[in-house]
Amino acid sequence: MVKEEQKVGWSKIELASRVAQDLEDGWFVNLGIGIPTLVADVIPEGKEIILHSENGLLGLGPKPEPGQEDMDLVNAGKEPITLKPGGCFFSQSDSFAMIRGGHLDAAVLGAFQVSEHGDLASWKVPSDPLGRVGGAMDLTVGAKRIFLCMQHTSKGKPKIVEECTYPLTAPRCVDRIYTNLAVIDVTDEGLVVQELAPGVSFQYLQECTAAPLKLHVSDERQSDALGVQQ
Amino acid sequence: MVKEEQKVGWSKIELASRVAQDLEDGWFVNLGIGIPTLVADVIPEGKEIILHSENGLLGLGPKPEPGQEDMDLVNAGKEPITLKPGGCFFSQSDSFAMIRGGHLDAAVLGAFQVSEHGDLASWKVPSDPLGRVGGAMDLTVGAKRIFLCMQHTSKGKPKIVEECTYPLTAPRCVDRIYTNLAVIDVTDEGLVVQELAPGVSFQYLQECTAAPLKLHVSDERQSDALGVQQ
Amino acid sequence: MIQKRFENTAKAVADIHDGATLLVGGFGGSGLPSHLIAALVEQGAKNLTVVSNNIGAVSDGVAALISNNQVKKIICSFPVGPHADDLIARLQNSTIELEIAPQGTLAERIRAGGAGIPAFYTPTAAYTELGEGKETRVYNGRLHVLEQAITGDFAFIKGHRADRWGNIVYNKTQRNFNPVMATAAKITIAEVDEIVEVGELDPENIATPSIYVHRLVKMEAAPEGRVLVNG
Amino acid sequence: MIQKRFENTAKAVADIHDGATLLVGGFGGSGLPSHLIAALVEQGAKNLTVVSNNIGAVSDGVAALISNNQVKKIICSFPVGPHADDLIARLQNSTIELEIAPQGTLAERIRAGGAGIPAFYTPTAAYTELGEGKETRVYNGRLHVLEQAITGDFAFIKGHRADRWGNIVYNKTQRNFNPVMATAAKITIAEVDEIVEVGELDPENIATPSIYVHRLVKMEAAPEGRVLVNG
């Protein structure tokens, strides 16, 4: 059990911006439900990122203006969205053919737990009688890159662990973890911290993490506080 | 080897009309290359038969007027055709999903050989170094009913045989055989002649057939000469 | 003459039998055939196996059939939402069976059912609880599980415009599971906003060809405000 | 900014390597990417494995690559037509390998390749020469054969209109194998009649979404009379 982190690190929207910064021009990207959805609102100007939604669209745009919601134009979270020029619609089976077939450049997903080997648990907590897998398992086996975008801890408990204790979504699938505290790569040599959020020390980060971390560079590198890009 | 039949039986267009007579209102039907293609031109007035073409359309209409051909609107034989109102286009994979999934009410196909058990050989003669399977195997396993529509003999040799000697398209798949001489059902009790074409005797039909035939009714029933219906 | 139009939803669902397998389109409230579901609640068929992606996202979805004790088994990917309480209660006293499938596997199993493919290998769910007990095989260096096709006795779908042949066009993400479920049932019943003359739909744009639709019912437009019921 | 347009066919096919697997769309002359084929004849890559439904139906189809000795293996369903002579000659002296697949199996294998399904069971070709040597299994009382996915290093497709993102709409039966082949190659190259602004194509009508297209070349309209070359 670690201290609840406060007043350090990135806000949710800053975190989403940090993810958006790494998405490349021309990529096709799926955004999971929750914080990942925020990435849609902070794609840097000048980058064309084509967003995919499991329920059957490419070219997801921002939320509609209040009063302009269309129940026939929703995202994977069933929230009203818009379609960008160049977007298109297709069926759920065509949508998952796209996902499973390896055509998405990246998926940005949430997580309950992620292990130091990149195992992901994101669909069921042990106490849940149901589970909510949705498209998570297909995305994790299908997308070329799996980026997690999440709070570093949940109710003070680390989400980055040596071994997942929750049911797996897929083993060895996560490439990079973006949290409110840091950017961490999953590598053959273990978890490597690429970047620390403002006000976060490596020691603090390690305290909040239940698996060993390495620093990418010899000195701690502190990120500039990221403004929200539009 | 039997005598070449002449001046008896149905012409090709009469044969096509005889087939068309048995297609029911509202059926979805695929027509093979060759004589089966003629069926499209002789669907009786008042019946809505929706014709399917393997290359990706439903609602195949008649040949275009000379000069109106469109290379982007062709049938499975790559001949220019038209689309009826209510028709639509789809991909080859969707087209064969339709076929293999059991959604066609009937396919009307040609044949090299058909056995008394309903085995069909229609894609390769033994001397052919290539073979030309096209959609024949998919249609024979997929369509709810397989009707053959063919000349009764080929160069004087029977095409209806006890066992096929040519490579099979599919075993036990043919439901009914329409030839220029007769309409013959493939049943658990063997080949049963349902109808003789004008001028054709049962004895003559049996001579032209290399498998035992039975007559459906006690007396030979002679078909009325069929006019070409439009 | 082909005429697939039924007078009302009650007549369209009248022959659904106890024990039938029913595919229900929609993704949350979008493209949900809620009038057909309401008619089936009224009709009362029991012991249904229901295949539908979301269970509990909206009150007028499959949740209504569960609450009315008509369902013995659910196959879905996302059995949660504000209206999943009756499902949870019935799971706890074992009066309903739940099979969770990854969403893409669910879609592909239904697609396979409609396409004459009885089984296929997929990498999805390998090494997970949802892949347990399934045959596996390695292809391209990765473990895959063998998944079986799903077919239905009936499918309920929702479309935007149809013609009497049964061709359907959809509106935006209303499409979702509807075109694929339409292919996989013996009897596909569609509720649509509008029925137009044969020939009025763009032949390049028909996402569900007439061959897949057996019954049509025209509904009145959805009430205002429906968009926000997902909670 | 996304820009998939290439200046000409020569540049679009320049990096196709010896030994590549190439998927070629079209059904006879309809939807045939004949300008890309012509560019590849010029480019000269050798030992290609070519997957295409028809071989020999038209002179400007895959027959052109065969006659130019660029092909070591063909996978197709219908290797006949007035221009199949060079194929027959090369089969007789064993300088080319031919794999015939039923047309639906061919389409489904390519679809599987694009959809992340490495193998599937189909009833097609069971008990026939084309099913020989394949694993079989009984489902629903019928014998099925296990078929493997097909993927390509490159795909050549032909479309009607495209935008710079790579979205494509087709014209009538030009669609055929093109949308499915587009999904199954590492690099899909499309020749189209027209390139329009992003947003001009109807989003309900895009049969090949942008994600599947990597290079675009705009061609001049097909010459008159092309319709009748199938012989």
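Cα extents for the stretch A:12-225 along the principal axes, largest to smallest and rounded to whole angstrom: 48, 41, 31. Mean residue ellipticity at 222 nm, helices only, chain B: -4000 deg cm²/dmol; runs of at least 4 DSSP H residues each add -39,500 (n - 2.57), and the sum is divided by the number of residues. Placing unit charges on the Cβ atoms only, positive for Lys and Arg and negative for Asp and Glu, gives the stretch D:29-145 a dipole magnitude near 340 debye about its Cα centre. DSSP assigns beta bridges within the protein assembly as shown; of those with both partners inside it, close to 40 percent run antiparallel. Amide H contacts of residue A:33 (H built 1.01 Å from N, in plane; Pro and chain starts excluded): A:110 sit under 5 Å, all sequence-distant by 5 or more or on other chains. Ranked from shortest, the separations from the 7 Å Cα-to-Cβ label point of residue D:42 to its equivalents in the other copies are 6.7 nm. The long axis of helix B:12-22 is offset from the longest Cα principal axis of chain B by roughly 80 degrees. For the stretch C:1-122, the share of DSSP beta bridges that are antiparallel, to the nearest 5, is 10%. In the elastic network of chain C, a GNM with C-alpha springs shorter than 10 Å, the most mobile of C:208, C:151, C:122 is C:122. Measuring nothing but how far apart in sequence close Cα pairs (under 8 Å, 6+ apart) lie, relative to its length, the stretch B:12-225 scores a relative contact order of 17 percent. The local environment of residue B:26, defined by Cβ-Cβ distances under 10 Å, has a net charge of -2 under the rule Lys, Arg +1 and Asp, Glu -1. Annotation for residue A:79, label-to-label distances across the other copies: 5.8 nm (shortest first, one decimal, point 7 Å from Cα along Cα→Cβ). With respect to chain D, whose longest principal axis is taken over its alpha-carbon atoms, helix D:103-115 is tilted by about 60°.
Shown in residue order for the stretch D:63-73 are the 3J(HN,Hα) couplings computed by the Karplus curve 6.51 cos²θ - 1.76 cosθ + 1.60 at θ = phi - 60°: 3, 5, 5, 5, 5, 8, 6, 9, 10, 9, 8 Hz (x for Gly and Pro).
Around the amide H of residue C:198, modelled in the peptide plane, lie the amide H atoms of C:164, all under 5 Å away and 5 or more residues distant in sequence or on another chain.
In order along the stretch D:182-199, the phi-based Karplus estimate (6.51 cos²θ - 1.76 cosθ + 1.60, θ = phi - 60°) of 3J(HN,Hα) comes to 4, 7, 10, 10, 4, 10, 9, 10, 10, 9, 9, 6, 7, 10, 10, 5, 4, x Hz; Gly and Pro are listed as x.
Charged neighbours of residue D:90, selected by a Cβ distance under 10 Å, balance to -2 (K, R count +1; D, E count -1).
Residue C:20 sits among other residues whose Cβ lies under 13 Å from its own Cβ, and their net charge, with Lys and Arg +1 and Asp and Glu -1, is +1. Extents of the protein assembly as shown, taken as max minus min of Cα coordinates on every principal axis and listed largest first, are 99, 68, 47 Å.
Think of the axis that spins chain C onto D; the C residue whose C-beta lies nearest it, and the distance in whole Å, is C:120, 2.
Straight-line cross-link partners of residue A:157 among the lysines, defined as a Cα under 22 Å from its Cα and at least 8 positions apart when in the same chain: A:3, A:7, A:12, A:124, A:214. This model, with +1 at the C-beta of Lys and Arg and -1 at the C-beta of Asp and Glu, gives the stretch A:12-225 a dipole about its Cα centre of some 480 debye.
Against the main long axis of the alpha-carbon atoms of chain D, helix D:34-43 sits at an angle near 90°.
In chain C, the DSSP beta bridges split such that about 30 percent are antiparallel, to the nearest 5.
Under 5 Å from the amide H of residue A:51 lie the amide H atoms of A:29, A:59, A:60, each residue being 5 or more positions distant or on a separate chain, with H modelled from the backbone and absent for Pro and chain starts. Which one of B:137, B:75, B:174 has its Cα pushed farthest toward the positive end of the charge dipole of the stretch B:12-225, where Lys and Arg give +1 and Asp and Glu give -1 at the Cβ? Positive-most Cα among the choices belongs to B:137. GNM on chain C, alpha-carbon springs under 10 angstrom: the most fluctuating residue among C:205, C:53, C:167 is C:205.
Pairwise Cα distances in the stretch C:92-231 exceed 25 Å in 42 percent of cases. Computed from backbone phi, the HN-Hα couplings of the stretch B:132-144 come to 9, 7, x, x, 4, 5, 5, 5, 6, 7, x, 5, 5 Hz, rounded to whole numbers (Karplus: 6.51 cos²θ - 1.76 cosθ + 1.60, θ = phi - 60°; Gly and Pro given as x). Projecting 7 Å from Cα along the Cα-to-Cβ direction, the label point of residue C:197 sits 3.4 nm from its equivalents in the other copies, listed shortest first.
The charge dipole of the protein assembly as shown, taken about its Cα centre with unit charges on the Cβ of Lys, Arg, Asp and Glu (plus for the first two, minus for the last two), comes to roughly 920 debye.
Since every read-out is calculated from the coordinates, none of them should be taken as a lab result. As the structure is a prediction and not an experimental result, all values here were calculated from the model. With ideal geometry, Cβ positions are generated from the backbone for all residues, glycine too; neighbour counts draw on all protein chains shown.
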